[in-house]
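So the structure is just underneath, and the comments pick up after that.
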Amino acid sequence: MTYPFKVIEKLRVIPVAVIEDVKSALPLAEALLEGGLNLIEVTLRTKTAFETIAAICRSYPEMIVGAGTILDASLISRLVDLGVGFGVSPGFNKGVAEEALRVGFPLTPGVITPTEVEQAHKMGFELLKFFPAEISGGVKMLKALEGPYGHTGIRFIPTGGINISNVADYLSIPIVAAIGGSWFVDKKLINEGKFSEITLRTKEAVRLAMKN
Ligand code: 3PG
């Protein structure tokens, strides 16, 4: 498999999906592929998350499936067995980070402060989730972090509060590798089966990502 972070840095938008009904999994994957994205982050927040991940990995091997909301290190081996390509943790959880390094699982740990950035970098992580982005200083904070860290190889994936109105601002910051967002895979759209709307929004997100 292609190293997922290279693909993420090329596509520049990660759909962060909360899937409550496993029946939505395949139509959602199809809608994203049709919209131009062979990438999805499925959050481990629902009872059906593992079943959903398994279904997408089985039916769409061309899709890079990530797992979000990894709060517990013991989940990582299960995710690797399912074929999950990358993981995301909302915070800088040392147990999760150590386990990911131990088994060679690509992880983007969550950070906000310079202290967390440096701790994560010292452990060997270069691609970091900046979460929750918008309420933690957003574009201004990332531009400030660019000063001391721009030359280090550290890159951020801001997530949380990003939508069609501010995505271009985030993507124009050189230290931003990609963004994560749920606006184009909104939980309500998924639950109502509005997959053609998801495809439309995905196309628009991809178009903006290519431009910036
Ligand atoms: C999350 O983990 O919930 C993501 O940050 C998604 O945030 P958003 O719904 O604001 O895009």
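Which pairs in the list LYS47/LYS140; LYS10/LYS143; LYS143/LYS203; LYS23/LYS203 are over 25 Å apart, alpha-carbon to alpha-carbon? If you can, show how the numbers build up before the last one.
Working: LYS47/LYS140 36 Å; LYS10/LYS143 21 Å; LYS143/LYS203 27 Å; LYS23/LYS203 23 Å.
Listed pairs above 25 Å: LYS47/LYS140; LYS143/LYS203.
If packing is taken as the average number of other Cβ atoms within 10 Å across a peptide's residues, how do 158-164, 84-90 rank, most packed first? Walk me through the intermediate numbers first.
On the way: 158-164: 20.6, 84-90: 23.4.
Ranking the peptides 158-164, 84-90 by packing returns 84-90, 158-164.
Over segment 35-86, with the other protein chains present, what is the accessible area per residue in square angstrom, probe 1.4 angstrom? Each step should come with its number before you reach the end.
Working: 2130 Å² over 52 residues.
Heavy-atom accessible area per residue stands at 41 Å².
Among complete DSSP H helices in the chain, those whose alpha-carbon atoms stretch at least 18 Å along the helix's long axis and whose mean Kyte-Doolittle hydropathy reaches -1.0 are 195-211. Over segment 142-212, what percent of the accessible surface lies on carbon and sulfur atoms, probe 1.4 Å? Ligands and nucleic acids excluded, carbon and sulfur reach 54 percent. What is the Cα centroid distance between segment 80-156 and segment 1-77, reported in whole angstrom? If you average the Cα positions of each part, the centres end up 19 Å apart. In plain terms, if you count all Cα to Cα distances in segment 3-211 and split them into 5 Å steps from zero, the share in each step is 1, 8, 17, 20, 21, 16, 10, 4, 1, 0 percent. Sorting the segments 48-61, 4-17 by their mean number of nearby beta carbons within 10 angstrom, highest to lowest, gives 4-17, 48-61. Near the amide H of ILE179, within less than 5 Å, lie the amide hydrogens of VAL13, ILE14, all on another chain or at least 5 residues away, with H placed in the peptide plane.
The values are calculated or read from the model by the stated rules, or taken from the named source; none is laboratory data. Note that the structure is predicted; figures quoted are calculated from it, not measured. Every residue, glycine among them, receives a Cβ derived from its backbone with ideal geometry; neighbour counts consider all protein chains shown. With ligands, DNA and RNA removed, areas are computed over all heavy atoms of the protein, side chains included. Shrake-Rupley method; radii C 1.70, N 1.55, O 1.52, S 1.80 Å.
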